[in-house]
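Just below is one structure, and these are the notes that go with it.
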Amino acid sequence: MSQKMLAGILLITGAILVGMVLQNTMQEETDVDSNSGSDESEQTQHPSNYSGENHSLAYECLDSHSNLSQHFHPSLSIYIDGQLVSIPENTGIGTAICDGMHVIHTHDSTGKLHVETNEPVDVELGVFFQIWNLYFAEDGIADKRVNETHELVMTVNDVEVDSYGDHILANGQQIVIDYRVKS
């Protein structure tokens, strides 16, 4: 690759990153303005950027699908007030941290997670949310928080669990996260 081409790619990447920072800054200012003056107990929206545990696996990158110790596929579905949330395709591929793929990534928007590691290791669901940069903990998901009127329920293969981000992923698991009105 020529130096001019590399310089061009770096310039474009830098411009995209600056644009994303400006967009996030503007969105945060909008969120602050829209929440000002409201009763704090009624607020359910918070910034959605990941703020949970820092997982070292979120920084591991794969160059290819060869020589892997493990490669398996759990499925993740997220519902917010009854609406299925689309998990973006290529989440965890070609990020600022990894040119290739993170150890957990998607290829499409079906919710099929690809978990691939070079060494045998337990992989927690929280790793995916850190890679996605989306808040997820027992008190909420994205910008939604558990409060007097809403709850967060997580099931694995139709069994309610309370492991949330600490949940260990396994092949074939059907994970459902449901932020909903309390029954």
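FYI, it's all coordinate maths here, none of it is from the lab. Everything quoted here is computed from the prediction, not taken from an experiment. Here Cβ is always computed from backbone atoms with ideal geometry, including for glycine, and neighbour counts include all displayed protein chains.
Summary table
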| item | result |
| --- | --- |
| Of all residues making up segment 94-129, the number that are in a strand (DSSP E or B) and either over 18 Å from residue 170 (Cα atoms) or not aliphatic (A, V, I, L, M) (or both) | 8 |
| Residue list for segment 130-172, restricted to those being part of a loop (DSSP other than H, G, I, E, B) and buried (at least 18 other Cβ atoms within 10 Å of the Cβ) | 134, 135, 142, 167, 169 |
| Hits in segment 93-129 (condition: touching a residue at least 40 places away in the same chain (Cβ under 8 Å), among the aliphatic types (A, V, I, L, M) and surrounded by fewer than 17 Cβ atoms within 10 Å (Cβ to Cβ)) | 96, 121 |
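So that you can scan it fast, the table gives a plain yes or no per residue for (1) under 22 Å from residue 57 (Cβ atoms); (2) of a type outside the set (Gly, Ala, Ser):
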position: 124; (1), (2): yes, yes
position: 129; (1), (2): yes, yes
position: 136; (1), (2): yes, yes
position: 140; (1), (2): no, no
position: 151; (1), (2): no, yes
position: 160; (1), (2): no, yes
position: 167; (1), (2): yes, yes
position: 171; (1), (2): yes, yes
